[in-house]
1. Looking at Ile24, Ile43, Ile28, can you tell me which residue is open to solvent by less than 70 Å² (accessible area, probe 1.4 Å), in a helix (DSSP H, G or I) and either at pLDDT below 90 or in contact with a helix residue (DSSP H, G or I) (Cβ under 9 Å, 6 or more places away or on another chain) (or both)?
2. Quick check: is even one residue across the range 4-15 more than 11 Å from the chain's Cα centre (by Cα) and of a type in the set (S, T, N, Q)?
3. Can you name the residue in the range 53-72 that is in a helix (DSSP H, G or I) and open to solvent by less than 100 Å² (accessible area, probe 1.4 Å) and is also modelled with the lowest pLDDT among such residues?
4. Is it fair to say Tyr50 is surrounded by 15 or more Cβ atoms within 10 Å (Cβ to Cβ), of a type outside the set (A, V, I, L, M, F, W, C) and in contact (Cβ under 8 Å) with a residue 24 or more places away in the chain?
5. Sort out which residues of the range 22-37 are over 14 Å from Glu55 (Cα atoms) and either in contact with an Asp or Glu (Cβ under 8 Å, 6 or more places away or on another chain) or touching a residue at least 12 places away in the same chain (Cβ under 8 Å) (or both), and write them in order of number.
Amino acid sequence: MYWTLELASYLSDAPWPATKDELIDFAIRTGAPLEVVENLQSIEDEGEIYESMEEIWPDYPTDEDYLWNEDEY
């Protein structure tokens, strides 16, 4: 399983919180690339509900990862 920002962007409008099956269904219905569906299928699932992309891809970059100060702009 590998994620990139481009692949993760296909789940940005997903109906969070969601189960693995709901995310797979969403990816298929929205025409996401096959890699997104394969990544979701490879998640070891125990009926968990995912609140955000960070729970699926722990290295998903957040606003805190960027080093600029928004107050300066």
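1. On the way: Ile43 fails: in a helix (DSSP H, G or I); Ile28 fails: open to solvent by less than 70 Å² (accessible area, probe 1.4 Å).
Matching residue, one of Ile24, Ile43, Ile28: Ile24.
2. No, every residue in the range 4-15 fails to be more than 11 Å from the chain's Cα centre (by Cα) and of a type in the set (S, T, N, Q).
3. Initially, the range 53-72 is screened for residues in a helix (DSSP H, G or I), giving 53-56, 63-65, 70-72.
Restricting the remaining residues to those that are open to solvent by less than 100 Å² (accessible area, probe 1.4 Å) gives 53-56, 65.
On the way: Met53: 91, Glu54: 90, Glu55: 91, Ile56: 91, Asp65: 50.
Only one residue tops the list, namely Asp65.
4. Numbers: surrounded by 15 or more Cβ atoms within 10 Å (Cβ to Cβ): yes; of a type outside the set (A, V, I, L, M, F, W, C): yes; in contact (Cβ under 8 Å) with a residue 24 or more places away in the chain: yes.
The answer is yes for Tyr50.
5. Going through the range 22-37, the residues over 14 Å from Glu55 (Cα atoms) turn out to be 22, 24-37.
Across the range 22-37, the qualifying residues are Ile24, Phe26, Ala27, Thr30, Ala32, Pro33, Glu35, Val36, Val37.
The values are calculated or read from the model by the stated rules, or taken from the named source; none is laboratory data. Remember, it's a predicted structure, so these values are computed and weren't measured experimentally. Every residue, glycine as well, gets a Cβ built from its backbone with ideal geometry; the counts of neighbours run over all protein chains shown. For accessibility, only protein heavy atoms count, side chains too; no ligands or nucleic acids. Shrake-Rupley method; radii C 1.70, N 1.55, O 1.52, S 1.80 Å.
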